[in-house]
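Peer 1: Structure provided below as structure tokens; questions to follow.
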Amino acid sequence: MKNIVILISGRGSNMQSIVRACAAEGWDARVAAVISNKADAQGLVYAAEQGIATAVVDHRAFESREAFDAELARVVDGFKPDALALAGFMRILTPQFVQHFEGRLVNVHPSLLPAFTGLHTHQRAIDAGCKLAGATVHFVTAELDHGPIIAQAVVPVLPGDTADGLSARVLVQEHRIYPRAVGWLVHGQLRVVAGVVTHTEGESQLVL
Ligand code: GAR
């Protein structure tokens, strides 16, 4: 049985989608812990209700990013993770942390990477006149919102779209591709060659 650890900072809807898929699809894995850098993260309540271990490592209690990440890594390691999923975890991680979990560390980002790294992705896509937007699940590397792409979902940008409207439409797709990608990871179905991720059995990595 593989262990999945999920890091959140807030609502945790992507975390919930992974918890649900893991149970509903009978993965050979369990969500061993949900960890937040914020004690009031809504998602912690859901995780505790599901009987999942929770922990808080408050970044404000540390003098440096390095010290915070070292403690976070120590707490995460306590749950022996085979996969570590960032799900709305709004902290930039140090190269040391990323390297420690390399190959096991994944993230969901609300844009079609490599476009629109960082924040305010939906408004920026609207302002740029994009006709397509979407979400990306990727392996995490030291560079923010970069790393080999595991899955992407595409949605249209509609005339008159607001950031909130587009965000809601993209989120529905995040909830489809993120559990799928984490499931592939824990079942050993992903290969990375020269920065390109393929599925060992040819599953589609694109949701249109
Ligand atoms: C999601 O839209 C996720 O893609 C985004 O934060 C939201 C968290 O929602 N993540 C990032 O912007 C990371 N760069 P959730 O807490 O309900 O999963």
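The values are calculated or read from the model by the stated rules, or taken from the named source; none is laboratory data. Computed from a predicted model, the values in this text were never measured in an experiment. Because the Cβ atoms are built from the backbone with ideal geometry, glycine has one as well, and the counts that use them run over all protein chains shown.
Peer 1: Among the strands (runs of 3 or more DSSP E) confined wholly to region 148-208, which include 2 or more residues that are within 16 Å of the ligand (Cβ to nearest atom)? Talk me through it step by step, then tell me what you get.
Peer 2: Details: elements: 149-156, 190-193, 196-199.
Here the list reads 149-156.
Peer 1: For the structure I just gave you, tell me whether A73 is of a type in the set (G, A, S), without any contact (Cβ under 8 Å) to a residue 60 or more places away in the chain and surrounded by fewer than 16 Cβ atoms within 10 Å (Cβ to Cβ).
Peer 2: Working: of a type in the set (G, A, S): yes; without any contact (Cβ under 8 Å) to a residue 60 or more places away in the chain: yes; surrounded by fewer than 16 Cβ atoms within 10 Å (Cβ to Cβ): no.
Judged against the criteria, A73 is not a match.
Peer 1: Please pick out the residue among N3, N14, N107 that is of a type outside the set (G, A, S) and either surrounded by fewer than 15 Cβ atoms within 10 Å (Cβ to Cβ) or in contact with a helix residue (DSSP H, G or I) (Cβ under 6 Å, 6 or more places away or on another chain) (or both). First the steps, then the outcome.
Peer 2: Details: N3 fails: either surrounded by fewer than 15 Cβ atoms within 10 Å (Cβ to Cβ) or in contact with a helix residue (DSSP H, G or I) (Cβ under 6 Å, 6 or more places away or on another chain) (or both); N107 fails: either surrounded by fewer than 15 Cβ atoms within 10 Å (Cβ to Cβ) or in contact with a helix residue (DSSP H, G or I) (Cβ under 6 Å, 6 or more places away or on another chain) (or both).
It is N14.
Peer 1: If I filter region 9-35 down to residues being among the small types (G, A, S) and out of contact with any Phe, Trp or Tyr (no Cβ under 8 Å at 6 or more places or on another chain), which single residue comes out as farthest from the ligand (Cβ to nearest atom)? Write out each step before concluding.
Peer 2: In the first step, residues of region 9-35 are kept if they are among the small types (G, A, S); the result is 9-10, 12-13, 17, 21, 23-24, 26, 29, 32-33.
Restricting the remaining residues to those that are out of contact with any Phe, Trp or Tyr (no Cβ under 8 Å at 6 or more places or on another chain) gives 10, 13, 23-24, 26, 29.
Values: G10: 5, S13: 3, A23: 18, A24: 18, G26: 23, A29: 19 Å.
In this case the residue turns out to be G26.
Peer 1: Taking F89 as the residue in question, decide whether it is within 12 Å of the ligand (Cβ to nearest atom), at pLDDT 95 or above and under 20 Å from L208 (Cβ atoms).
Peer 2: Values: within 12 Å of the ligand (Cβ to nearest atom): yes; at pLDDT 95 or above: yes; under 20 Å from L208 (Cβ atoms): no.
Taking the combined requirement at face value, the residue does not satisfy it.
Peer 1: Still on this structure: Of all residues being without any contact (Cβ under 8 Å) to a residue 24 or more places away in the chain and among the hydroxyl-bearing types (S, T, Y) in region 169-208, which is nearest to I150 (Cα to Cα)? Just the residue, please.
Peer 2: T198
Peer 1: Right, something else. Quick one: how many residues across region 36-46 are under 23 Å from F97 (Cβ atoms) and either within 12 Å of the ligand (Cβ to nearest atom) or touching a Gly at 6+ places or on another chain (Cβ under 7 Å) (or both)?
Peer 2: Residues that pass the stated criteria total 5.
Peer 1: Another one. Over 25 Å from A29 (Cα atoms), at pLDDT 95 or above, away from the ligand (no atom under 11 Å from the Cβ) and under 17 Å from the mean Cα position of the chain (by Cα): which single residue out of L112, L72 fits that description? Give the steps one after another, and end with the answer.
Peer 2: Details: L72 fails: over 25 Å from A29 (Cα atoms).
Being over 25 Å from A29 (Cα atoms), at pLDDT 95 or above, away from the ligand (no atom under 11 Å from the Cβ) and under 17 Å from the mean Cα position of the chain (by Cα) holds for just one of L112, L72, which is L112.
Peer 1: Can we say V45 is more than 21 Å from Q189 (Cβ to Cβ) and at pLDDT 95 or above? Give the derivation first.
Peer 2: On the way: more than 21 Å from Q189 (Cβ to Cβ): yes; at pLDDT 95 or above: yes.
Yes: the conditions hold for V45.
Listed here are the residues, each with its yes/no results for (1) under 12 Å from the mean Cα position of the chain (by Cα); (2) more than 10 Å from the ligand (Cβ to nearest atom); (3) surrounded by 22 or more Cβ atoms within 10 Å (Cβ to Cβ); (4) more than 18 Å from G10 (Cβ to Cβ).
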residue: F79; (1), (2), (3), (4): no, yes, no, yes
residue: D82; (1), (2), (3), (4): no, yes, no, yes
residue: E102; (1), (2), (3), (4): no, yes, no, yes
residue: L119; (1), (2), (3), (4): no, no, no, no
residue: C130; (1), (2), (3), (4): no, yes, no, yes
residue: G134; (1), (2), (3), (4): no, yes, yes, yes
residue: T141; (1), (2), (3), (4): no, yes, no, yes
